Amino acid sequence: MREVAVIGVGSSIFGKFPTKLVTEMGKEAVQAAIEDANINKKKIQLAYASTVFGGAVMGQRILNEVGISGIEVFNVENACAGGATAFRGVWYAIASGLYDIGLVVGVESLTTSPIAGKLIPPEKGDLQGQFGNNMPAHFSFAMRRHMEKYGTTMEQFAKISVKNHHNGCLNPYSQYKDELTVEEILNSRMICDPITLLQCCPNSDGAAAAILCPMDMAKEYVSKPISVMASVLKMGDYEYRWNDLATSDLSAKCAKEAYEMAGCEPEDIDVCELHDAFTYSEIAHYEELGFCPLGEGGRLIDEGITEIGGKVAVNPSGGLLAKGHPVSATGVAQIAEIVWHLRGEAGERQQPDAKVGLAHTMGGEVANIECGACAIHILKR
């Protein structure tokens, strides 16, 4: 397997744009990535695109707008992990030697989707969902269990939202730029006890893109290529969250494999973009990714360890909570954020001297909770 580098990334601004075409957002992100990579678009040999609600042949539609045709295009859907899944597809094609230059794009318009402003109903075959273990109740159960088992407090969960909304204020691509207090978060409208409105990620529209090539070719295009040291994608097994609602076996297993593949440890990670769909999720993922022992996620937020400038800056982009969560775009946007930090180009939100970064995305974990998707990528400058 060849070492693969990210040579270009791009993103649209995340927000609510009901009059903006999905292909328009995708085109904006792809053109930004091509410019960032300093590459002729005619050299792109392969593309992976991801969307849930954008419609058929999304990759071809976006590339047509950009002026790229006649190449192999894969369109994938993997819920919230779709963008990360598409990134892995391009990585694998280049690492295996099948192609040299590949493009990945993730795009979504949730404000025009069938689920805009609605609760997501459980599938007919999802018996747990039919009996109440659905979105967002599943996360409220897990949050209650974490509080009961480890003594995690509502204030600690609220501090996650405070941190991420502060970081969002520093990110020009972020959907929300509002400084919030613990009190404002806890007193916001109740969604599913104990989860309040400001502890949930919003509906978002947006796109992100990246360009990859073999590391031995990367210097032909850019001076700061970023190495993809690990790429792991797994579905859950029959133990997923059955052992204990408070934690995810799936994330922990993926993380273990990713660290082994990259030849590093959790303590080597300087910057991390993880799937904070709810404030509970970020604290739980601290533990599952090995940043602290089980039950100590609340301590990390109390001690500022995951703030920008801390031991490991988590969600310096603002995360899903503030940057936004245009489902299939999220996994690629996380990669872009990590790349900017490793290149020292993250502006006001820059994690000082970042050398190693981790991107973590979960997808579809409540449709059938043993069958969710988890993707983890580790990058290094």
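No lab work stands behind these numbers, since they all come straight from the coordinates. Here the structure is a predicted model, which means the values were calculated and not measured. Don't worry about glycine lacking a Cβ; one is built from the backbone with ideal geometry, like all the others, and counts go over all protein chains shown.
Distance between the modelled labels on Glu220 and Glu260, one decimal in nanometres: 3.5 nm (7 Å Cα→Cβ projection).
In segment 1-130, Cα pairs under 8 Å separated by at least six residues give a relative contact order of 29 percent.
The angle between the Cα long axis of helix 279-288 and the main principal axis of the chain comes to about 70°, on a 0 to 90 degree scale.
Put simply, the amide H of Met229, placed in the peptide plane, has neighbours under 5 Å in Ile378, Leu379, Lys380, leaving out anything fewer than 5 places away on its chain. Under 14 Å from a label point set 7 Å out along the Cα-to-Cβ vector of Ile115, the amide N atoms of segment 195-228 belong to 201-205. Take segment 216-303, drop everything but the C-alpha atoms, weight them equally and run the Debye formula without solvent; then report log10 I(q)/I(0) at 0.22 Å⁻¹ to two decimals. Debye curve over Cα of segment 216-303, log10 I(q)/I(0) at q = 0.22 Å⁻¹: -1.16.
Within segment 144-236, list the GluC sites (Glu not before Pro) lying in a DSSP loop whose Cβ has at most 12 other Cβ atoms in a 10 Å radius.
Glu179, Glu220
Label positions at Gln31 and Val57, each projected 7 Å from the Cα along the C-beta direction, are separated by 2.3 nm. Rg of the Cα atoms in segment 263-381, relative to 2.2 N^0.38 Å, amounts to 1.00. The Cα atoms of segment 18-108 define a convex hull whose projected area, averaged across directions, is 5.7 nm².
Among DSSP bridges having both ends in the chain, what percentage is antiparallel? Round to the nearest 5. Antiparallel bridges: around 70 percent, rounded to the nearest 5. Computed from Cα atoms, the angle from the helix 82-95 axis to the main principal axis of the chain rounds to 40 degrees.
Between the Cα long axis of helix 22-37 and the first principal axis of the chain there is an angle of about 60°, rounded to the nearest 10.
Sequence-distant contacts, meaning Cα pairs under 8 Å at least 6 residues apart, place the relative contact order of the chain at 26 percent.
Stokes-Einstein D for the chain at 25 °C, 0.890 mPa s, Kirkwood Rh over Cα pairs, in µm²/s?
For the chosen part, D equals 121 µm²/s.
Of the three principal axes defined by the Cα atoms of segment 128-261, the extents in descending order read 54, 40, 29 Å. Helix content alone sets the calculated 222 nm mean residue ellipticity of the chain: runs of n ≥ 4 DSSP H residues at -39500 (n - 2.57) each, divided across all residues, give -10000 deg cm²/dmol.
Take each of the peptides 350-359, 277-286, 22-31, 91-100, average the number of other beta-carbon atoms within 10 Å over its residues, and list them starting from the highest.
Sorting 350-359, 277-286, 22-31, 91-100 by mean packing, highest first, produces 277-286, 22-31, 350-359, 91-100.
When the chain is treated as a Gaussian network with alpha carbon springs shorter than 10 Å, the biggest mean-square fluctuation among Pro114, Pro18, Pro266 belongs to Pro114.
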